[in-house]
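One structure is given here, and the rest of the page talks about it.
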Amino acid sequence: MFGGLSVIAISMAIIEWQSGIPSVIFAALFLVLNKLFFEKFILNIITTLTLIVLTSFIFDFSTMMCITNCLLLSCAYFFVWIIKKLRIKTTDDIFEINSHFIKCLSTKSSDYKGYVLNPSAYLKTFPLKQVKSVTIKKKFLQFTFENEIITPRELTHQEVLGIYEFVRKKFPQLTA
């Protein structure tokens, strides 16, 4: 929705350029005022509207068109903000170990396609009581259970070594 309103605002600013140029300037001014004086939001709106009306008398452009375009251009700000939020990488933990459980990214039955599409769905929790041993094989950490072997994904070699050292110190019975 914000994207569509942003496209309309940019189109209006190009088509009706006499009021489009000031509306771009006033929308930017409003955003700057809002960042500087966020507590006084109503004062920022009144100041921007007053400047639009005074400037429209001086430079002879449509006041309502400028106000409408300013409102639509503010949607562009929210559209950019939403895109930035979507681009932020997730901060999900990919590995956790404590005295009760191990939580890690792991794939069973070689479902790598599903893992690539949604890695967070493969964040699994295993009870530490069921772990028989912990080993490093070909730069990968492996947890051996009675009937399966779990290999945590997305760990660098340094992280693997650090985790193995931690397990060796805190749970020596698993690395013996």
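Residues in the range 116-135 that are more than 13 Å from Lys103 (Cα to Cα) and part of a loop (DSSP other than H, G, I, E, B): Asn118, Lys132. Spot the failing condition for Arg168; the list is (1) open to solvent by 60 Å² or more (accessible area, probe 1.4 Å); (2) in contact (Cβ under 8 Å) with a residue 60 or more places away in the chain; (3) in a helix (DSSP H, G or I), and only one is missed. Result: Arg168 fails condition (2) only.
Within the option set Val53, Val32, being open to solvent by 30 Å² or more (accessible area, probe 1.4 Å), β-branched (Val, Ile, Thr), within 17 Å of Ser74 (Cα to Cα) and modelled with pLDDT of 75 or more holds for one residue only, Val32.
Just wondering, is there one or more residues in the range 104-116 that are hydroxyl-bearing (Ser, Thr, Tyr), more than 30 Å from Val32 (Cβ to Cβ) and modelled with pLDDT of 85 or more? Checked against the condition, which is being hydroxyl-bearing (Ser, Thr, Tyr), more than 30 Å from Val32 (Cβ to Cβ) and modelled with pLDDT of 85 or more, the range 104-116 yields no hits at all. Here is the figure for the range 136-165: residues that are among the aliphatic types (A, V, I, L, M), open to solvent by less than 70 Å² (accessible area, probe 1.4 Å) and either within 22 Å of Ala121 (Cβ to Cβ) or not in a strand (DSSP E or B) (or both) total 5. Condition (residue is at pLDDT 75 or above, under 32 Å from the mean Cα position of the chain (by Cα) and of a type outside the set (Val, Ile, Thr)) applied to the range 78-96: is it met by at least one residue? So far as the range 78-96 goes, yes, one or more of its residues are at pLDDT 75 or above, under 32 Å from the mean Cα position of the chain (by Cα) and of a type outside the set (Val, Ile, Thr). For the range 3-18, the criterion of being touching a Phe, Trp or Tyr at 6+ places or on another chain (Cβ under 8 Å), modelled with pLDDT of 75 or more and either surrounded by 18 or more Cβ atoms within 10 Å (Cβ to Cβ) or not in a helix (DSSP H, G or I) (or both) is met by no residue.
The values are calculated or read from the model by the stated rules, or taken from the named source; none is laboratory data. This is a predicted model, so every value here is computed, not measured. When we count neighbours, we look across all protein chains shown, and the Cβ atoms used for this are built from the backbone with ideal geometry, even at glycine. With ligands, DNA and RNA removed, areas are computed over all heavy atoms of the protein, side chains included. Shrake-Rupley method; radii C 1.70, N 1.55, O 1.52, S 1.80 Å.
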